[in-house]
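Taking it in order: structure first as structure tokens, then the write-up.
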């Protein structure tokens, strides 16, 4: 396989340019900063990008509408529907992951990981942004989830650091121009849902469906990394999440999603939308990656 990206058709080039702008915007808006005398100019620029982000997220909502038939309003029934996405949600059971486990070479795995690292929006920060002003029970579970992501107070256990170790093992330096738009779009979607309070419940669904569906995928990746001789440290992120996310998913569904829907059944729809939007983003990535590898 040629490790260089294949040329984008015009359709892809436009989307890559758009998501490159959003990626730069998100990097700036979440970075701690100091007062800027030119803040009003930045604000005008931000308003343009926030409008573009909103239009993109609304288009994503419209795209998954056909999948929203008969969303249950009963809390227990909704959790059952949500958990069924593990098997029948968009992108589940994709052939990409068994192929990574069994056949991918070093360069192919490196390319895949480069896309995944570039598309990682920071689960810990997304949870922190989402939990603001939530009711006590969901807020406490999100806090426990965040604490796990932060290594329970130990730098060596932080999940973001584990992913950095994988990147180091492959000598990865991610660059926007070498990242496919589908991967950029995934990160921008997660950032947009978590950062805008009008999408807070969508973010709950999107974060929850990551925990729900990740274990089988990361297990395949871990198998592929082990086959290629990557050290235990270099694949710790994937080995850990193959098991930990099973518990995280169970607790997120029971302590975040179920109480929210039990208190207000109308919240089932935005939570479902968020989950399906996130799955559709992943599905686009898997299809693009398979095209790169000729699978």
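If the condition is being modelled with pLDDT of 95 or more and out of contact with any helix residue (DSSP H, G or I) (no Cβ under 7 Å at 6 or more places or on another chain), then region 233-275 contributes 250, 254, 263, 264, 265, 266, 269.
Looking at region 80-99 only, could you name the residues that are more than 30 Å from residue 258 (Cα to Cα) and surrounded by fewer than 12 Cβ atoms within 10 Å (Cβ to Cβ)? 95 - this is the single residue of region 80-99 that is more than 30 Å from residue 258 (Cα to Cα) and surrounded by fewer than 12 Cβ atoms within 10 Å (Cβ to Cβ). Evaluate the following for residue 266: is it part of a helix (DSSP H, G or I), surrounded by fewer than 18 Cβ atoms within 10 Å (Cβ to Cβ) and in contact (Cβ under 8 Å) with a residue 40 or more places away in the chain? Yes; evaluated as a whole, the condition is true for this residue. Of the residues making up region 150-170, those that are in contact with a strand residue (DSSP E or B) (Cβ under 7 Å, 6 or more places away or on another chain) and either crowded, with 18+ Cβ neighbours inside 10 Å or under 25 Å from residue 192 (Cβ atoms) (or both) are 150, 158. Selection of region 177-187 for residues being over 17 Å from the mean Cα position of the chain (by Cα) and either closer than 10 Å to residue 115 by Cα or crowded, with 20+ Cβ neighbours inside 10 Å (or both) yields only 178. Checked across region 47-55, the condition of being crowded, with 18+ Cβ neighbours inside 10 Å and closer than 26 Å to residue 142 by Cβ holds for at least one residue.
Evaluating residue 49 against the criteria (1) free of Cβ contacts under 8 Å to residues at least 60 places away in the same chain; (2) touching a helix residue (DSSP H, G or I) at 6+ places or on another chain (Cβ under 6 Å); (3) not in a helix (DSSP H, G or I) leaves one unmet condition, (3).
Taken over region 237-263, the criterion of being farther than 26 Å from residue 201 by Cα and crowded, with 21+ Cβ neighbours inside 10 Å is satisfied by 237, 238.
A single member of 108, 102, 141 is touching a residue at least 60 places away in the same chain (Cβ under 8 Å) and surrounded by fewer than 16 Cβ atoms within 10 Å (Cβ to Cβ), and it is 102.
The values are calculated or read from the model by the stated rules, or taken from the named source; none is laboratory data. None of these values were measured; they are calculated from a predicted model. In this analysis, Cβ positions are derived from the backbone assuming ideal geometry, glycine residues included, and neighbour counts consider all displayed protein chains.
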